[in-house]
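Working notes, beginning with the structure itself.
Each value in this text was obtained by applying a stated rule to the coordinates, not by laboratory testing. These figures come from a predicted structure and were not determined experimentally. Glycine gets a Cβ as well: all are built from the backbone with ideal geometry, and neighbour counts include every protein chain shown.
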Amino acid sequence: MRFEISKVLDAIEGRVSTDPSLARAVVDLAEVIRYQDLDGGRPASLLRLGMVIDALARELEEDSVPVYAVVHRALLSDADLTSNERMVVRRWADDGLVEVLDNPGDRALEVADLLGLPVLSRVRADGLRGRYPWLVEQPGRVVAPVPGAGGPVFLAHVGGGHTPVAGARSPAGVRLLSRQWRCPEPGCALLGGGGGGGAFADLARVGERSPAGQPPPTLRGGAPTCPRHGTRLGDAGPRPRSAVLAVRVGGVIRRRFVLTEEQPVLVGRAPDQSGAVVLGQWLNDEARRWISRSHVRFELRVGEVIVTDVSTNGSGIRPGGSMTEADRVPLSPQQSRVLAEADMVELYPGVQIGRPDELPTGASYTPTSVMAEAPTMAMRLPR
Ligand SMILES: [Zn+2]
């Protein structure tokens, strides 16, 4: 059972990210792990983060939705967590997957403000309405995870609205995210040169964090500051361009990935390259036979997404996302094409890649739980 729980924690690790392009909501980890009413278990449990992430995935009708977790430093030595859980959170902190702070204050709200994300929280923030007008103006920007029949559900918390809703990045967020920043503290996992990683375990091992995926600085007296170290940040030039693409299999977005000009991304059944997108887990036998290990390669060049077929069987382009067969343009092996805004690449019927906003979820949504590895008994640990 210990082994199973480790697997769940690994799966949850794939859903925590400080990458502004991938995170879909903000949580305060110290708060979430103490939602004891979600499972009636121990006073604190890291598995509750997985339950909340699952609830978010169900609401957004999308798999693999990462959350931006702000973590109080005291959590790294919280005796209510198991030693294994503490070790896992420390690893996330070292890898820059979560933001560890001595005194988080209203940082979760600041991140939500800068990135335009919803906040999953039960905490009232009445005193901060003046600073963050969207707290009341935009229903769904703050929702409370509460127990529901099939796991946590969200309740209107501030301003009404039960569904976590994203807003626009604030003007300060747009400004901060147009530059790359450098923390003077050596080895800063958030805004330093090393550490960091993407939203997924396979990407998290790439090594250096791409400057395109840097978390937003905090603003202190109007100056960009490292949220972890409280030091003023150096401006390291314009942030590199990036584009977010999504894989849709069987009508459901299974995961998003970020394309930068530094690194092309391979997508296929089981591409043998770090940072690649592996589709195998979502494919049936026929699709698995048709789709090559590496099937298509995406590159970002001067802001344009270029797709190249590197497969044996070829692909197709669906211009403007049209599902009419007559519109489908074949993409032969070794052929390249610019992927226009609403275009999709189709590797096999039902297996498409395009920009997430252009890939509506079909009627047959079947969420893949981040807790899939958790046996029921893991959720009923002895008190
Ligand atoms: Zn720092």
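Take the alpha-carbon centre of region 140-161, take the same for region 281-347, and report the distance between them in whole Å.
38 Å
Modelling each spin label as a point 7 Å along the Cα-to-Cβ direction, I'd like the Val329/Arg124 distance in nm, to one decimal.
Modelled inter-label distance: 5.7 nm.
What's the ranking of 341-347, 281-287 by average number of surrounding C-beta atoms within 10 Å, highest first?
Taking the mean over residues of other Cβ atoms within 10 Å, the ranking is 341-347, 281-287.
Can you give the log10 of the normalised intensity I(q)/I(0) at q = 0.13, 0.14 Å⁻¹, computed with Debye over equal Cα scatterers of the chain?
So the normalised log intensities are -1.10, -1.26.
Between Arg232 and Ile306, 0.36 nm times their residue separation minus their Cα-Cα distance comes to what?
Gain on extension, Arg232 to Ile306, equals 22.9 nm.
Could you identify which residue out of Met51, Met323, Met87 has the top mean-square fluctuation in a GNM of the chain using Cα springs shorter than 10 Å?
Highest fluctuation of the listed residues: Met323.
Residues with beta-carbon under 15 Å from that of Arg124, excluding Arg124: net charge, scoring Lys, Arg +1 and Asp, Glu -1?
So the environment of Arg124 carries a net charge of 0.
Which one, Val165, Val65, Val123, has the greatest fluctuation when you compute a Gaussian network model over the chain with C-alpha springs under 10 angstrom?
For the chain, modelled as a Gaussian network with Cα springs under 10 Å, the answer is Val123.
By the scheme Lys and Arg +1, Asp and Glu -1, what is the net charge of all other residues having a beta-carbon under 9 Å from that of Arg293?
0
Percent antiparallel among DSSP beta bridges with both residues in the chain, to the nearest 5?
80 percent
Taking the chain as a Gaussian network, Cα atoms linked when under 10 Å apart, which of Ala69, Ala326, Ala246 shows the biggest mean-square fluctuation?
Result: Ala326 has the largest fluctuation of those listed.
Contact order normalised by length for the chain, with contacts defined as Cα pairs under 8 Å and 6 or more residues apart; what percent is it?
Relative contact order of the chain: 17 percent.
What's the local net charge at Val158, with K and R +1, D and E -1, over the other residues with C-beta under 13 Å away?
+2
With the calculation restricted to Cα positions, what are the radius of gyration and Dmax of region 226-320 in angstrom?
16.7, 54
How large is the dipole of the chain about the Cα centre if only Lys and Arg carry +1 and Asp and Glu carry -1, each at its Cβ, rounded to the nearest 20 debye?
So the dipole magnitude of the chain works out to roughly 520 debye.
Which whole-Hz couplings ³J(HN,Hα) result when phi for each residue of region 116-122 is put into the Karplus expression 6.51 cos²θ - 1.76 cosθ + 1.60, θ = phi - 60°, listed in order with x for Gly and Pro?
x, 9, x, 10, 9, 7, 9
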